[in-house]
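To start, the structure under review is shown below, and the notes come after it.
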Amino acid sequence: MPTAMEIYKLLPKKNCGECKFPTCLAFAMQLANQKVALEACPYVSPESKTILEESGAPPIRLVSFGLGGEPLKIGDETQLFRHDKTFYHPTVLGVIADDSEGLDRMKAKMEAAKAAAFERVGQRIRIDAVAVRHSSGSPQDFLEGVRHAAAMTFPVILMTEDPKLMAEALAMCTASKPLLWRATPQNLDAMVNVAKACAFPLAIGGAGSLDELSQLADKAKKAGVVDIVLDPGDSSAGKMLETLTIIRRAAVKKKFRPLGYPTMSVLGESVEDRMKAALGVMKYSSIVLMKEMPPESAYPLMTLRQNIFTDPQVPIQVKPGMYTVGEPNEKSPVLFTTNFSLTYFTVRADVEKSKIPVWLLVVDTDGQSVMTSFAAGKLTPESVAALIESEKVKEKSTRNEIVIPGMVSRMSGKLNELTGMKIVVGPRESSGLPKMLKSVAG
Ligand code: SF4
């Protein structure tokens, strides 16, 4: 965002107050702080407007597509390194259903992709999209595949370099707001016309070099396509990393607009492709498409993505308080852990394995794990005792006993003194809980 003085120089300097600010300088200051919109001044010249909009735009354009539920959002990233702040929009993962495989196989892959979802640390993660590709198969199978994808109400990417076939496919799934893949040096003008007619995002690729890719993107933008996704093409893992890093660096550090778009990697199914998919999730593919994504490849990839796209400054937390596992009663054991999501869900899963219903107290440690919060003084006998009191633990379980994590056995004496409860030191790792709970409850 430009400074207030840079904005002021581009304003009409009439000081008319129509923007609800007494002077143009006051308006410029508010605009620099993103408190008002440029449109509030009716007298900004078109040239100044273009300059201000360009300079105020994010370094990587936010692009959205796919209306099979929540639209998928990609781009709008501002960092080279996650630890500098955070990455915002998780890599979209998709499976390619290629018409060379025949319609039945295409449909089966789409259904499997939609079903591939699981819950981890309280979040639902899944494959996000299907890409229907026309390669050497029949155009009819391609169109039938598109029809099937649209009927699934799942985000779709249309993959053909034939503008006429693209227009036909588009007519079948307009409501899905698909991403169109792709415009190349050979079909740019025609594909741009298709994308402009529907105002859907367009992938640009097939270029011989990064320079050519940026020129194609610039040409498409000047022709009126605003939402662009860059496809630098398949290459070795090393080259892929280099290319995606150059694009991210040029966009974020140099504000080089022709490369200021989300990127995508279209991959096959080999072991190297799986490695490249992981690489793309880390640096810097906005979309990773794979020809095959079986569970043993998809699940680690989704887990990796979840780890990369969480805010490193904000641990994922669960709400502190009393939770139940199963249907505990007054004879059931009481345990406590912290409100760091990963800790909570790991403990919970291990308790569930025991099949013994328990009362599970979750202490507010600002999302820190047991050892970290104990060392930082956030997990104390006092904080545990206060929670036992506020959650009326002694009314819920009459055992007058609490199982504490083995790593904080040192708090036993003080906790016993504060609560009068018998303290049972649990295992150091929650994986030991099923065995231990059986002996405690038995
Ligand atoms: Fe200045 Fe425009 Fe505001 Fe008038 S409306 S004071 S010209 S910024």
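Ordered by 1.4 Å accessible area with all protein chains kept, 289, 210, 342, 38 run largest first as 342, 210, 38, 289.
Residue 345 sits with roughly 60 Å² accessible to a 1.4 Å probe, with DNA, RNA and ligands left out of the calculation.
Rolled with a 1.4 Å probe across the full set of protein chains, the surface gives residue 364 an accessible area near 80 Å².
Would you mind giving the three semi-axes, in whole Å and largest first, of the ellipsoid equivalent to the stretch 4-56 according to its Cα gyration tensor? Numbers along the way, then the final one.
Working: eigenvalues 45, 29, 19 Å².
Sorted largest first and rounded, they come to 15, 12, 10 Å.
Across 292, 70, the residue with the most accessible area heads the list, and the full order at a 1.4 Å probe is 70, 292.
Counting alpha carbon pairs within less than 8 Å and at least 6 residues apart, what relative contact order, in whole percent, applies to the chain?
Working: 870 pairs, mean separation 50.6, N = 442.
Dividing the mean separation by the residue count of the chain yields 11 percent.
When only alpha carbons are used to place a centre, the stretch 104-119 and the stretch 230-283 end up 25 Å from one another.
Heavy atoms only, probe 1.4 Å: what % of the accessible area of the stretch 53-111 goes to carbon and sulfur, would you let me know? Write down the numbers at each step before the final one.
Values: 1260 of 2520 Å².
Roughly 50 percent, rounded to a whole number.
For the residues 14, 109, 392, a GNM of the chain with alpha-carbon springs under 10 Å puts the largest fluctuation on 14. With the biggest extent put first, the Cα atoms of the stretch 63-309 measure 46, 44, 31 Å across the principal axes. If you run the Gaussian network model on the chain, springs between alpha carbon atoms under 10 Å, then out of 297, 332, 64 the most flexible one is 332. Largest to smallest in accessible area, the residues 88, 284 fall in the order 88, 284 (1.4 Å probe, all protein chains included). Listed by chain and number, the lysines placed with their C-alpha closer than 25 angstrom to that of residue 164 are 107, 177, 196, 219, 221, 222, 291; residues fewer than eight positions away on the same chain are left out. Measuring between their Cα centroids, the stretch 397-442 and the stretch 177-197 lie 63 Å from each other.
At 1.4 Å probe radius, can you tell me the per residue accessible area of the chain in Å²?
On the way: 20320 Å² over 442 residues.
Per residue, the chain has 46 Å² of solvent-accessible surface.
Cross-link reach is defined here as a Cα-Cα straight distance under 16 Å, omitting same-chain residues fewer than 8 places apart; for residue 73 the aspartates and glutamates meeting it are 128, 227.
With a sphere of radius 9 Å drawn around the Cβ of residue 66, what net charge do the other residues whose Cβ falls strictly inside it have (Lys, Arg +1; Asp, Glu -1)?
Numbers: positive: 177; negative: 70, 128.
With Lys, Arg at +1 and Asp, Glu at -1, the net is -1.
Using only the Cα atoms of the stretch 321-441, each taken as one equal point scatterer with no solvent, compute I(q) by the Debye sum, divide by I(0), and report log10 of the ratio at q = 0.14, 0.18 Å⁻¹. The Debye formula, applied to the Cα set alone, gives -0.49, -0.87.
Positive end of the charge dipole of the stretch 4-56 (Lys, Arg +1 and Asp, Glu -1 on Cβ, about the Cα centre): tell me which of 46, 36, 25 has its Cα farthest that way. Among 46, 36, 25, the one farthest towards the positive end of the dipole of the stretch 4-56 is 25.
Its Cα centre serving as origin, the chain has a Cβ charge dipole (Lys and Arg +1, Asp and Glu -1) of approximately 1080 debye. Could you tell me how far the Cα centroid of the stretch 13-82 sits from the Cα centroid of the stretch 305-372, in Å? The two parts, judged by their Cα centres, are 42 Å apart. Between 135, 87, 400, the Cα set farthest toward the positive side of the dipole of the chain (charges on each charged residue's Cβ, about the Cα centre) is that of 400. Cβ-Cβ distance of residue 307 and residue 376, R₀ of 25 Å, FRET efficiency by 1/(1 + (r/R0)^6): the value works out to about 0.65.
Pairing the Cα long axis of helix 341-354 with the longest principal axis of the chain, what angle in degrees results, from 0 to 90 and rounded to the nearest 10? On a 0 to 90 degree scale, this one is about 50.
For residue 331, the lysines whose Cα falls under 27 Å of its own Cα, not counting residues fewer than eight places away in the same chain, are 319, 353, 355, 392, 394, 396, 414, 422, 435, 438. Remark: the residue 271-residue 55 segment gains 73.6 nm on full extension, using 0.36 nm per residue and subtracting the alpha carbon distance.
Solvent exposure of residue 184, expressed as accessible area, is near 0 Å², computed with a probe of 1.4 Å over the protein chains only. Protein heavy-atom surface of the stretch 267-388, 1.4 angstrom probe: 59% of the accessible area is carbon and sulfur, with nucleic acids and ligands not counted.
Can you tell me the convex hull volume per residue for the chain, based on C-alpha atoms, in Å³ to the nearest whole number? Mind dumping the intermediate values first?
Details: hull volume 84.3 nm³, N = 442.
Per residue, the Cα convex hull of the chain comes to 191 Å³.
Using a Förster distance of 30 angstrom, determine the FRET efficiency expected from the C-beta separation of residue 439 and residue 314, and round it to 0.05. E(calc), rounded to 0.05, equals 0.20.
The values are calculated or read from the model by the stated rules, or taken from the named source; none is laboratory data. Just so you know, these numbers come straight off a predicted model, no measurement behind them. We place every Cβ from the backbone using ideal geometry, glycine too, and count neighbours over all the protein chains shown. For accessibility, only protein heavy atoms count, side chains too; no ligands or nucleic acids. Shrake-Rupley method; radii C 1.70, N 1.55, O 1.52, S 1.80 Å.
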